[in-house]
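Below is one structure, written out as structure tokens; the observations come after it.
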Amino acid sequence: LNEVVVQKNVMISARDGVKLAADVYLPARDGKPIEGKFPTLLTRTPYNKDGAAGDARYYAARGYAVVANDVRGRYRSEGTWRLIVDDPNDGFDVVAWIASRPWSDGKVGTWGTSYPGGTQHALAETNPPNLTTMVPIDALSNTGVSGMRHGGAFELRFMNWIVNIGAPNSRAALANPALRDALVDYGKKIREQVDSLPFHKGTTPLRLVPEYEAWLAEALRSGPETKFWKVKGMSVVDNLKDYADIPVLHLTGWYDSWTRQVCMNYEALSKAKISPQRLTIGPWTHGGQTSNVAGEVEFTKEAAIDLQAYRLRWYDRWMRGVTNHVDTDFPVSIYVMGTGDDTRSPSG
């Protein structure tokens, strides 16, 4: 394995001049980056790029350059946050920046779960010339069908996301402890807020973080038939024509809230594209691929996968040309449930 060196808070200029913050992880020897060009892995997240360090170091130690990027308006990145709307163009610009670096061999792959799965689909819908492969897991997509709206109804958990995850971790709140405390207190009353719908702008502490207030107001009033849910980033199935024709490994779980969207993506892209599409479904909750436990049920040991190694095998095939038989994997791999004996495991 290689050593790893990290360049923190490298600022990448988007096409409109907004600076997007990234951490760059490079294979190293004796404390210095190894000379040469490497295939590069990218993740784009609203949840703080620092949280990607474990995965980033794993892949950099195995010969990949790695870039972890805060999406626009979150944590260290400049600009105004708008859920997924800016991620198609911003993703394109970040991929182009990577390809221009002296340590890049021009091939860019992506990873990320949930919202960072959605940022992968978003940039794929701009077909960047250097985008080579992706592994979106439990990915935000087709949000007007199921996931933000469901059967037409707005899923109130996304009001909760805005109130308890988005707003308290906005750039404004992170820079102002009093504002953050006020937003955290507001979030503790989320059930009261839901009971008092409809939501009116200017009547809650969200008015102090207007981009989050504006998104919630528009999402609540936009029916599933509107363009709001069909723009690039919000929907894969409505933007297939522009989607990159690259190998994609789709992962989701039987107990995930976005299983339907992931399956929709696999089905649609399998028909629309020439490049291989693969789908893996395990007995997992949202982001639970490394666990063999879901709720009160413990599955066999095979239910938990080594996710980093699982992705590495995929990247090695499509970014390095390694012969590892990925090509002959079944198109769909599922974990079949219902074969247990209903006894208590040692852990209960």
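The values are calculated or read from the model by the stated rules, or taken from the named source; none is laboratory data. Please read these numbers as outputs of a predicted model, since none were measured by experiment. Note: ideal-geometry Cβ built from the backbone for every residue, glycine included; neighbour counts use all protein chains shown. Ligands, DNA and RNA are excluded from the accessible area calculation, which covers all protein heavy atoms including side chains. Shrake-Rupley method; radii C 1.70, N 1.55, O 1.52, S 1.80 Å.
Entry comment: accessible area of segment 215-329 is 47 Å² per residue, from protein heavy atoms only and a probe of 1.4 Å.
Per residue, segment 56-209 exposes an accessible area of 36 Å² to a 1.4 Å probe, with every protein chain left in place.
Which net charge results when you count Lys and Arg as +1 and Asp and Glu as -1 among the other residues whose beta-carbon is under 15 Å from that of GLU267?
Spelling it out: positives minus negatives among the neighbours equals +3.
Residues GLU155, GLU218, GLU296, ordered by accessible area of protein heavy atoms at a 1.4 angstrom probe radius and largest first, appear as GLU296, GLU218, GLU155. In plain terms, the chain from VAL5 to THR226 could stretch by 74.9 nm, reckoned as 0.36 nm per residue minus the Cα-Cα distance. Find how many whole Å separate the alpha carbon centroid of segment 238-281 from the alpha carbon centroid of segment 193-236. When both Cα centres are located, 27 Å separates them.
How many angstrom separate the Cα center of segment 3-31 from the Cα center of segment 114-183? The distance from the Cα centre of segment 3-31 to that of segment 114-183 comes to 23 Å. When HIS200, HIS286 are compared by accessible area of protein heavy atoms, the largest-first order is HIS200, HIS286, using a 1.4 Å probe.
Computed over the chain, the per-residue total of -39500 (n - 2.57) for DSSP H runs of n ≥ 4 gives a 222 nm mean residue ellipticity of -8500 deg cm²/dmol, rounded to 500.
Expressed as a whole percent, the accessible surface of the chain that belongs to carbon and sulfur atoms is 52, based on a 1.4 Å probe.
Lys and Arg at +1, Asp and Glu at -1: add these up for the other residues within a Cβ distance under 14 Å of THR203 and post the number.
Its environment carries a net charge of +1.
By a 1.4 Å probe calculation restricted to protein chains, SER270 has an accessible surface near 50 Å², given to the nearest 10.
The solvent-accessible area of ARG311, taken with every protein chain present and a 1.4 Å probe, is close to 10 Å².
Take the Cα of ARG62, step 7 Å toward its Cβ, do the same at LYS32, and the gap between the two points is 2.8 nm. Solvent-accessible area of ILE190, all protein chains in place: 30 Å² (probe radius 1.4 Å, heavy atoms, ligands and nucleic acids excluded). Per-peptide packing, taken as the mean over residues of other Cβ atoms within 10 Å, places 326-338, 232-244 in the sequence 232-244, 326-338 from highest down.
Taking Cα centre as origin and charging only the Cβ of basic (Lys, Arg, +1) and acidic (Asp, Glu, -1) residues, the dipole magnitude of segment 122-210 rounds to 240 debye.
So what's the net charge close to ALA309: Lys and Arg +1, Asp and Glu -1, counting the other residues with Cβ under 11 Å from its Cβ?
Net of charged neighbours comes to +1.
The length gained by stretching the chain between LEU197 and HIS150 to full extension, at 0.36 nm per residue less their Cα-Cα distance, is 15.1 nm.
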